[in-house]
Every structure is written in structure tokens, then in C-alpha cells.
Amino acid sequence: MHIPDGFVDGKTAVATAALAAVGLAVALRNVRLSFPPRRVPLIGLAAAFVFAAQMLNFPVAGGTSGHLIGGVLAAVLLGPSAAVVVLSSVLILQCLLFADGGLTALGANLFSMALVAPVVGYGVYSLVRRAGGGSLRGRLLAAAFAAWCSVVAAAVACAGELAASGTVAWGVALPAMAGVHMLVGLGEAAITALVVAAVAGVRPELVRDADAARGPRYGALAAYGLLISVGLVLFVAPFASGLPDGLESFLAALGFEARAAAPPLLSSPLPGYTVPGLGRAVPATLLAGAIGTVVAFGLAYLLARLLTPRGGAAGLRDPDTEAPRASTSA
């Protein structure tokens, strides 16, 4: 769902960039004020996992493929503000390092995938979770349904951006984008539920709203998770579907395939998830993916570490969960 250069006009690019910037600023402020310092390594881990998982396309109907967005997954485990930071880090990295998504469309991509997907998804998750009680099964069902909703919401936002730019009529973009991403959302729902269930088995406090300020440190878990994420790229990515994703298929059906394949405005060091000069395509992609996974971890971790004071957020209320934090002052 990464819109390339040349598909978003000036007014839409400016408007979405402004909305995304405000949303990211609010998220960064919330992380700075309330995110538990003990959980900072998990922001890096979430970014690494989301980056790696987005390389693993899975086939859906009609000769198209989909991949995880990860907005609800990050929001359920870390809160919506941290999820916005995670997704923003991944999308900015994909644009600048791999030319995945156009520079002129970066604001549009951030708005649909880093803002709409996690925020809308977490809102649905919160409502369904309350209705279903506090059981793990209820949380998993809520996470799965919210993940599906987040993909559809992001697709609708993407269709609106293309329609507002005059690229394609709204009446064409909406049913096409929403229709295929209803199928993609099923994969997102399954992956989200499986990962949340796995995390609940290892660190149940991440799923059950335990007091994170007094919980364990997560440095070792983040290190193991980073290794697993790199392993996904190295050993699973070669078997990922090579079919075009929903947006690529939609643009190709409209005759925009050559336009979408045009060189990006900004040259990238690892264009198209390859290492120039390496020669063989599969090793080049795997090496580029491994590099990107590590960089995603480092970028998100360092950003969160710079924002989050080591002394914690004593006496504050968490804007994401409205849970009171116990004061650590004497």
C-alpha cells in the first residue's frame, strides 16, 4: 500500500504530510511523557518485526498479494502512541533506504498506514475487548477483528488520497482498494492474533495491562526478538509471494504500471530491497532485508530512548490507557 511518486498531487501531499506530522508529534509527546522506560527496547523490537514481516507477502485472490501492516499488533502490545512511532520509523526507513513508497507520497503513506491503521485499529480493539470481557480469548478475537478493520481503514484512506489527487475517481478507487484489502485483512488478522497469543505465553503482562512501570526489563527479549526478525528475512522471505500487492494490482489494472515503475525522485542506497553490485538477486534481497531489520530496530529504539527519561514517568496518567502510574518519589 506504499504509494509511489507521481500519484499524489501537491495539495494532497502537503495536507497529508501536515496531518501525519501532527499525529506523529502527538505520539512522540505521549511516548516522552508516559511510556515506561523498561519497555523502550520493545519499540525497537516492534519496528524490526514489522519491517521484516512487511517483506513476507502472502497471496490472496485475483493474482495479488498482501503483507502485514502491523499497526494493531504494535498498538495492542505497546499502546497506540508507540505504534504510531514504530510504523512511522518503518515507513520513513522504507522510503529513504529502499525507495519503497515515493518521497512526495511519504506524508500520504504515513497518514494511511502509520496513523489511520494503528489509531483506528486500537479504537476498535478497545471497544471489542471491553464488550468481550478480559479473557485472553476475548483479547485475541478483538485483536484479530481490529487488525482486519485497520487494513480496510488504511485502504480507504489510500483510495481517498488517490481520488483527492485526481489520479482515479473515488467511485473506482474505493471499491477496488477496499475489496482486495478485505481479503488482505484476513491475513493481517490471523498474523496479529497468532503473534499476540505467542507474546501472551511468554510475557503475559504485555497483553493483560499489567503495571509496566514495575514489570521486568525487556532488553534480553528485544535481543532475541531482533534475531528472530532477522531470521524471518533470511529464511522465510525467499518463499514470500512475488505477486503484486493490492495497490500495485489496482494501479496496473488502470494502466499505470509503467508510471508506478518509474525511478523514484530520491536515489536510495538499497533500491528495491537489493544491494547494488552483489550480483545474485536472492542474496542481495536477503542482505538488504537483514540490514533494514537491524536499522529499523536501531532507529526506533534510539528515538524512543532519546524521548523517554530514564527516571520514568512518575505520577502521570498514561494518555493511551488512562491507567494511573504510581509515584516513585520518596
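Overall shape: prolate for the range 143-231, with the ratio a/c of the largest to smallest alpha carbon gyration tensor axis at 1.5 or above and a/b above b/c. Compute the Cα gyration tensor for the range 1-97, then decide on rounded, prolate or oblate, letting a ≥ b ≥ c be the square roots of its eigenvalues: rounded whenever a/c is under 1.5, prolate when a/b is larger than b/c in the other cases, and oblate in all that remain. Oblate. The order of Leu68, Leu97, Leu45, going from fewest to most other C-beta atoms within 10 Å of their C-beta, is Leu97, Leu68, Leu45. Rounded to the nearest 20 debye, the dipole size of the chain about its Cα centre is 1140 debye, using +1 on the Cβ of Lys and Arg and -1 on the Cβ of Asp and Glu. Cα gyration tensor of the range 241-288, axes a ≥ b ≥ c as square roots of the eigenvalues: rounded (a/c below 1.5), prolate (a/b > b/c) or oblate? Oblate, since a/c reaches 1.5 and b/c is not below a/b. The trypsin sites (Lys or Arg not before Pro) of the range 217-303 that meet both conditions, a loop assignment by DSSP and at most 11 other Cβ atoms within 10 Å of the site Cβ, are Arg280.
The separation of the range 141-180 from the range 84-121, counted between C-alpha centres, amounts to 15 Å.
Evaluating 6.51 cos²θ - 1.76 cosθ + 1.60 at θ = phi - 60° for every residue in the range 49-62, the Karplus couplings come out as 5, 4, 4, 4, 5, 5, 7, 9, 5, 10, x, 10, 5, x Hz, glycine and proline recorded as x.
By count of other Cβ within 10 Å, fewest leading, how are Val14, Val172 ordered?
Least to most surrounded, the residues fall as Val14, Val172.
Amide H contacts under 5 Å for Asp245: Ser65, restricted to partners 5 or more places along the chain or on a different chain, H placed in the peptide plane at 1.01 Å from N.
Once the Cβ-Cβ distance between Trp170 and Arg208 is put in as r, and R0 is 35 Å, what FRET efficiency do you end up with, to the nearest 0.05?
With a Förster radius of 35 Å, E is 0.25.
The order of Phe239, Phe297, going from fewest to most other C-beta atoms within 10 Å of their C-beta, is Phe239, Phe297. The slack between Ala223 and Ala18, meaning 0.36 nm per residue of separation minus the straight C-alpha distance, is 70.3 nm. If the segment from Ala131 to Arg32 were pulled out straight at 0.36 nm per residue, it would be longer than the present Cα-Cα gap by 32.6 nm. Considering only alpha-carbon pairs that sit under 8 angstrom and 6 or more positions apart, the relative contact order computed for the chain is 32 percent. Placing +1 on the Cβ of every Lys and Arg and -1 on the Cβ of every Asp and Glu, with no other charges, gives the range 90-221 a dipole of roughly 520 debye about its Cα centre. Per-residue Karplus couplings for the range 131-144, computed as 6.51 cos²θ - 1.76 cosθ + 1.60 with θ equal to phi - 60°, are listed in order as 5, x, x, x, 6, 5, 4, x, 5, 5, 5, 5, 5, 5 Hz, Gly and Pro entered as x. Length available on full extension from Ala25 to Leu194: 0.36 nm per residue minus the Cα-Cα distance, which gives 57.7 nm.
Read-outs throughout are calculated quantities, based only on the coordinates presented, and are distinct from any laboratory measurement. Just so it is clear, the structure is predicted and the values come from calculations on it, not from any experiment. Note that we place each Cβ from the backbone using ideal geometry, even for glycine, and neighbour counts take in every protein chain shown.
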